[in-house]
Every structure is written in C-alpha cells, then in structure tokens.
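The structure under discussion appears below in the form of structure tokens.
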Amino acid sequence: MEFSHIPVLFNETINSLNIKPDGLYVDCTAGGGGHSRAIAEKLTTGRLISIDRDPDAIKVLNERLGIYPQVTVVHNTFNNIKEILNGERADGIIADLGVSSFQLDEADRGFSFHKDAPLDMRMSKQGTSAKDLVNTLSVGELTRILRDYGEEKYANRIANNIVSAREKKEIETTFELIDIIKNSMPQKAMRDSHPARRTFQALRIEVNGELDQLNTALDDMFDCLKVGGILSIITFHSLEDRMVKQRFNSFAQGCTCPKEFPVCVCGKTPRGKVTIKGLAPSEEELSNNSRSHSARLRSIEKIRD
C-alpha cells in the first residue's frame with residue numbers, strides 16, 4: 001500500500017515548533033508520516049506521539065516510523081488527546097486538517113469528485129457513510145449540511161433533487177451524485193470550480209464529524225501544552241480556519257473591560273501569543289502542489305496555564 005501525502009507548508013510547520021531534542025511532541029494527523037518523520041529526526045531523548053484515525057494510515061505509520069524508537073503510533077482521533085497523553089504536557093502539537101493525497105487518490109475511499117467510486121468518505125472506515133446520508137436524510141437535513149458545511153448556494157435545490165433521485169434508485173457512487181448536483185445548478189455556476197466541490201466537502205465534514213471534533217480538540221490541545229509549547233494547525237477551508245483563528249485569538253485575549261474603564265477590573269490576562277497568523281503557501285509551493293492553494297498555517301505559543 002502506497003500511502004502518500006505531500007505535506008503543505010511543510011518547512012514552515014516544522015520550523016514553527018522550535019523543536020527541542022528532548023521534548024515531547026504530538027502529530028495529531030500523522031497520515032503518511034511526513035511531519036512525524038521530520039520531527040522524529042530532530043529528537044534525541046525526546047518523544048513523539050503520532051495519531052491517526054485511518055486504519056490504512058496506521059499500517060503505513062508503523063512501517064515508516066518503526067525505525068524511530070522515540071515514536072509511538074496511536075490509532076485514535078485527536079479530540080482524545082488528553083486521554084492519549086494521560087496527564088503529560090507536550091512541547092509542541094501539530095494538526096494537518098487536510099484530506100491526505102492517499103485518501104483522495106484511492107478511488108474506493110469515495111473522497112474525490114474526479115473518480116467514480118462507492119460514495120463513502122469515511123476516514124476511519126467505520127460508521128455512517130456519505131451514501132447513508134444521501135439516501136436517508138430529509139431534504140431539510142441535507143440542505144442544512146450543504147449550506148452550513150459547504151456554503152453551497154444551491155443547497156436546497158441539490159437536496160430536493162437528491163431526494164427525488166433516490167426515490168427511483170439508491171444513490172451509490174460519486175458520479176451518480178455529481179450528475180444530480182450538475183442538474184441542480186445553472187451553467188454559469190459551474191464555470192469557476194467543480195460543481196461538486198462544496199457538496200463533497202459538506203458531506204465529508206458531516207460523515208467524519210470534522211468541525212465538532214476540531215471544536216472540542218482545540219481547547220484540549222492548548223491545555224495539553226507546556227508553558228512555552230507551540231500549537232500549529234494547517235487548515236484547508238474557511239470554516240475550520242475561522243474556528244482556529246477565533247479560538248487562538250481567544251487564548252491570546254487579555255483584558256475585556258470596556259475601553260472607558262480607567263483600570264482593568266476583569267483581571268483577565270492572555271494565556272497564549274499568536275506567532276503565525278494565517279500563513280499561505282509560497283508561489284513555488286502553489287506551482288508544485290495544486291492542492292495547497294487553500295491551506296493556511298496558524299501557530300500559537302502558550303505563555304501561561
């Protein structure tokens with residue numbers, strides 16, 4: 001099995017951690033092991049915990065990282081980071097929230113709208129699939145998912161057409177769904193990008209509980225840092241980037257007293273200092289990796305508990 005992934009903003013992310021050879025680090029979305037290997041190579045007496053929810057990734061991580069005794073591979077989701085660390089504090093934590101190149105390129109995973117495949121999209125290969133959603137949810141529920149998670153302008157029209165189509169035949173493949181999406185949009189709406197992009201994003205987020213997981217994990221990741229530790233997160237769409245930005249800003253916020261107060265009475269002081277604000281890929285990276293165009297890197301340093 002060739003589990004490949006071109007890490008976006010790779011050097012910028014590794015450099016953001018200011019890796020200490022004796023430190024404890026966590027790669028929350030280890031995937032093909034690119035970030036993990038780079039961290040492991042900088043450690044001497046330090047340790048790295050590499051987490052992934054995808055069983056295919058876990059097999060590959062065990063193979064690729066097995067030569068590093070300082071690495072522990074964990075099959076889990078990163079919103080369980082407190083349980084995984086079991087009271088330990090980390091010097092650095094990273095999360096690359098993108099879908100891996102392997103998941104996109106393996107047709108039978110159903111993540112890509114460029115390949116005809118079973119409509120799946122499950123990162124863990126367990127639980128409710130995209131096929132289950134499109135064949136069981138009501139028009140209202142489908143509309144909400146496409147609108148809230150895909151920011152899809154034609155959410156209601158697509159949802160209605162999905163429900164109409166499944167009354168005649170169960171929707172089973174990516175291309176069957178894409179045909180429904182295309183028939184739900186005017187031609188002018190399909191000129192700028194693939195018509196299924198937003199719908200596929202929305203279904204993938206719902207299937208994997210991505211935003212709920214991230215919302216829970218952000219506080220726990222920050223809590224699991226030592227003072228002076230760094231949390232770095234790479235996002236790939238506006239919904240998750242907005243969530244990370246707002247949470248980082250809240251960690252870095254100090255006094256919240258009204259401006260007209262002569263002195264602070266709230267007593268609030270910042271817990272963190274934002275060190276990287278929405279860094280985008282370089283022109284060189286964009287030319288070498290088209291999938292990097294929407295990526296943004298944000299980092300925060302914990303300055304007090």
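Quick look at the numbers
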quantity	calculated
Net dipole in debye of the chain [+1 Lys, Arg Cβ; -1 Asp, Glu Cβ; about Cα centre; nearest 20]	840
Where labels lie 7 Å past Cα in the beta-carbon direction, separation of K59 and N80 in nm	2.0
Fluctuation leader among R157, R109, R122 - the chain, Gaussian network, Cα springs under 10 angstrom	R157
Computed [θ] at 222 nm, deg cm²/dmol, the chain (DSSP H ≥ 4; -39,500 (n - 2.57); rounded to nearest 500)	-11500 deg cm²/dmol
All aspartates and glutamates inside 19 Å of K302 as judged from Cα atoms, apart from same-chain residues fewer than 8 positions distant	E12, D22, D27, E88, D91, D219, D220, D223
Rg to Rh, two decimals, where the chain supplies the alpha carbon set and Rh follows Kirkwood	1.01
The chain: most fluctuating residue of G140, G92, G267 per GNM, C-alpha cutoff 10 Å	G267
For peptides 214-223, 183-192, sequence by mean Cβ density within 10 Å, most packed first	214-223, 183-192
Gained length - D305 relative to A189, 0.36 nm times residue gap less alpha-carbon distance	36.9 nm
Whole-percent carbon and sulfur share, accessible surface of the chain, 1.4 Å	46
Nearest-0.05 FRET efficiency for N289 and I67, computed from C-beta distance (R0 25 Å)	0.40
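The values are calculated or read from the model by the stated rules, or taken from the named source; none is laboratory data. Here the structure is a predicted model, which is why all the values come from computation and not from measurement. Neighbour counts are summed over all protein chains in view; Cβ atoms, including those assigned to glycine, are modelled from backbone coordinates with ideal geometry. Heads up: the accessible areas ignore ligands, DNA and RNA and are worked out on the full protein's heavy atoms, side chains in. Shrake-Rupley method; radii C 1.70, N 1.55, O 1.52, S 1.80 Å.
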